Amino acid sequence: MSNSLRLQGINSLKFYFFLALFVIVCSEFASSLDVGVSPSSVDFSAVEGEQDCEEINVFSSRLGLYLELYDKWNPKSDNSRDIEKYVINAYALNISLDYQKNIRVGRNATINVCFRATKAGRYNGLLIVDVVNGSASLGVWLNAESKSSTNKGITSFAIKEVPAGVLPILLFNLLLFGLLLLLLIRMKKQALREKSREL
């Protein structure tokens, strides 16, 4: 009788062990499905010294999820997807990425992310979204380009950049040039008519 009681005790112990293991595995699986971000990649394009802002959407199947956000950058301007290459902060590259560092997500939230660089170049980063007191981390690839603010090609000017005293002189010169052109065309036509009469 004592063997059967002991066997029953061992079987019930196994049952409770497997039940506890099942609950732990299911809760870990469920927590990894609680949060997501879109898009998975964001492209920034700005003139040096100016900023470009984009939106990132965070969504969760659970209410009241707390998230911490931080960014890491690749010191080389290659577009590698190897996370281990993203080791420095934005400050080291003389760029800034502004966004809310800590957020609480209901079902979804929109995060405004703004990029600014002090010099022209291509930059590749990773915005990391960590679930506070959780085991989930997500990332958004950041592709940024800062263009030079100086125009090295053909330069032009707008009328509004011309000083007010110069504008009437420019208009008078344009009118005079137009009249001179009409006079030359008329003289040419008259010369052709006289030549045709002589023949």
*asked:* Please go through the stretch 33-52 and give me each residue that is within 19 Å of ASN108 (Cα to Cα), in contact (Cβ under 8 Å) with a residue 40 or more places away in the chain and in a strand (DSSP E or B), ordered by number.
replied: VAL35, GLY36, VAL37, SER41, VAL42
_Condition broken by LYS72, with the remaining ones in (1) modelled with pLDDT under 90; (2) surrounded by 13 or more Cβ atoms within 10 Å (Cβ to Cβ); (3) in a strand (DSSP E or B); (4) not β-branched (Val, Ile, Thr) satisfied_ = (1)
*Can you name the condition, by its number, that ILE185 falls short on among (1) modelled with pLDDT of 90 or more; (2) of a type outside the set (Phe, Trp, Tyr); (3) in the same structural domain as LYS85 (by TED's automatic domain parsing)?*
(3)
*Qualifying residue in the stretch 149-156 (condition: farther than 23 Å from ARG62 by Cβ, in contact with a Phe, Trp or Tyr (Cβ under 9 Å, 6 or more places away or on another chain) and either surrounded by fewer than 16 Cβ atoms within 10 Å (Cβ to Cβ) or modelled with pLDDT of 85 or more (or both))*: no
*Extreme residue, surrounded by the fewest Cβ atoms within 10 Å (Cβ to Cβ), among residues of the stretch 98-148 that are under 27 Å from LYS76 (Cβ atoms), small (Gly, Ala, Ser) and touching a residue at least 40 places away in the same chain (Cβ under 8 Å)*: SER148
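The values are calculated or read from the model by the stated rules, or taken from the named source; none is laboratory data. The structure presented is a predicted model; accordingly, all values stated were derived computationally and were not measured. Neighbour counts are summed over all protein chains in view; Cβ atoms, including those assigned to glycine, are modelled from backbone coordinates with ideal geometry.
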